[in-house]
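What follows is calculated from the coordinates using simple rules that are stated; it is not laboratory data. Since this is a predicted model, take the numbers as computed values, not measurements. Quick reminder, even Gly has a Cβ in these numbers, built from the backbone with ideal geometry, and neighbours come from all protein chains shown.
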Amino acid sequence: MTADWNPDRSYTSSSGDVAWAALGPADAPPVVLVHGTPFSSYVWRGPARALAARYRVYVWDLPGYGASAKHDGQDVSLAAHARVLTELLGHWGLDRPGAEPAVVAHDFGGCVALRARLLHGARYERLALVDPVALAPWGSPTYRHLGAHAEVFAQLPSALHEALVREYIRSASHRGLHPETLDRLVAPWCTPEGQPAFYRQIEQNDQRFTDEIQDRYGELDLPVLICWGTDDTWIPVARGHELAKLIPGAELRLIEGAGHLVQEDAPAELTGAVTEFLRADRTRR
C-alpha cells in the first residue's frame, strides 16, 4: 500500500479481479473493512491506518469499484459481492476456526457482510455496521431512476456525467468533503470503463437482496455494533434504531454531526467507537 492509497494486490474472484491490501502486523487479530456505493476502500484509509497499529487490516475494492475490474456484463449485484467476500475470507485464510475476523461494513457493504454471514456461512468474530443498507425500503427516487435508465445515462457526455457523480458523492457528507477527497472518490467513475460501471452498479442494486435476509437478523449470534451519523440524509438515523431492535444484543452508537459518509465527516469518532468495540470482551457472544 502506497502513501496515496492504492491497493497493491489482486485476487481473481467470481466477479472479476479484486484490488486489495493488508496493513498491520501479519500475526495480529484480523479486521476486514467493507465499503459501500459509490465509494471504494479509499474511504477507509484513516480508520484502516489507525487500526493497523494493533490489527491486521484487510481492505478491498468491490468488483466494479475503485481499482478493481470493471467490464460489460459484470455481476456487481449485492449477491455477487457477498459471494466475493466469502471467497476473499478463504483466500486470506480467515475462514478457519480461530482465525475469524472482525468485520466493519459501511452502506451496502453492510448488506454484503450480512448476506455472507447469513447465506454463505461466513464466520466473523464480531460485526460493526456503519450506516448500513439493511432495511427496506431503500433507494431514493433519483437512485431508482438512474438504475432504470442505466443505458441512457451511460451515454451522457463525460462532463455532464462527472458533474452528476460529483454532486451525488458530495451529498453523502454533512460537513463537506475536502476537494482532493472528492476528486479521488469521483475519479474511478470518470474513465471509459468507469462511466458505464457507475450506472451498472445502480441498475443491479435491488431491494430484494435485503428482503431475502431482513427476517433473519434475529439469528445473528455474535457481538454487533451499529454506528450511525445523526445527520445522514441518505438513510435516516431512525433506521439505526429499528435495526438495533432486530439484532439480539446489538449496540447502537450515534455519531453527532456526521452524514452518511461517517468516515469522512467524523473519522476520529468512528475509529474510536470501532476500536472500543474491537477491544471489548472477546468471549461474549
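Note on SER10, SER15: ascending count of other Cβ atoms within 10 Å places them as SER10, SER15, the fewest first.
So what is the diffusion coefficient of the chain in µm² per second by Stokes-Einstein at 20 °C and 1.002 mPa s, using a Kirkwood Rh over Cα pairs?
On the way: Rh = 18.7 Å.
Answer from the Stokes-Einstein relation: 114 µm²/s.
Quick one: order TRP228, TRP92 by neighbouring beta-carbon count within 10 Å, fewest to most.
TRP92, TRP228
What does the convex hull of the Cα atoms of segment 1-90 come to per residue, in Å³, rounded to a whole number? Before the final figure, lay out the partial values.
On the way: hull volume 8.0 nm³, N = 90.
Per residue, the Cα convex hull of segment 1-90 comes to 89 Å³.
Taking max minus min of the alpha-carbon positions on each principal axis, segment 176-244 gives extents of 43, 28, 22 Å, largest first. Above 14 Å, the calculated P(r) of segment 128-177 contains 67 percent of its Cα-Cα pairs.
Would you give the gap between the C-alpha center of segment 223-283 and the C-alpha center of segment 13-92, rounded to a whole Å? Segment 223-283 and segment 13-92 have Cα centres separated by 20 Å.
In segment 222-285, inverting the average of 1/r over every pair of distinct C-alpha atoms gives 12.2 Å as the Kirkwood radius. For segment 148-216, the equivalent ellipsoid derived from the alpha-carbon gyration tensor has semi-axes of 24, 19, 9 Å in decreasing order.
Give, rounded to the nearest 20 debye, the magnitude of the charge dipole that segment 145-285 has about its Cα centre when Lys and Arg contribute +1 at Cβ and Asp and Glu contribute -1 at Cβ. Please list the in-between numbers first.
Details: 14 positive and 23 negative charges, 59 e Å.
Dipole of segment 145-285, to the nearest 20 debye: 280 debye.
The value for segment 86-187 of Rg(Cα) / (2.2 N^0.38 Å) is 1.38.
Once divided by 2.2 N^0.38 Å, the Cα radius of gyration of segment 54-120 becomes 1.13.
For the chain, DSSP calls about 30 percent of its internal beta bridges antiparallel.
Using Cα pairs under 8 angstrom and six or more residues apart, how large is the relative contact order of the chain, in percent?
Working: 546 pairs, mean separation 51.6, N = 285.
Computed over the chain, the figure is 18 percent.
Ranked for footprinting exposure by Cβ neighbours inside 10 Å, fewest first, HIS81, HIS241 give HIS241, HIS81.
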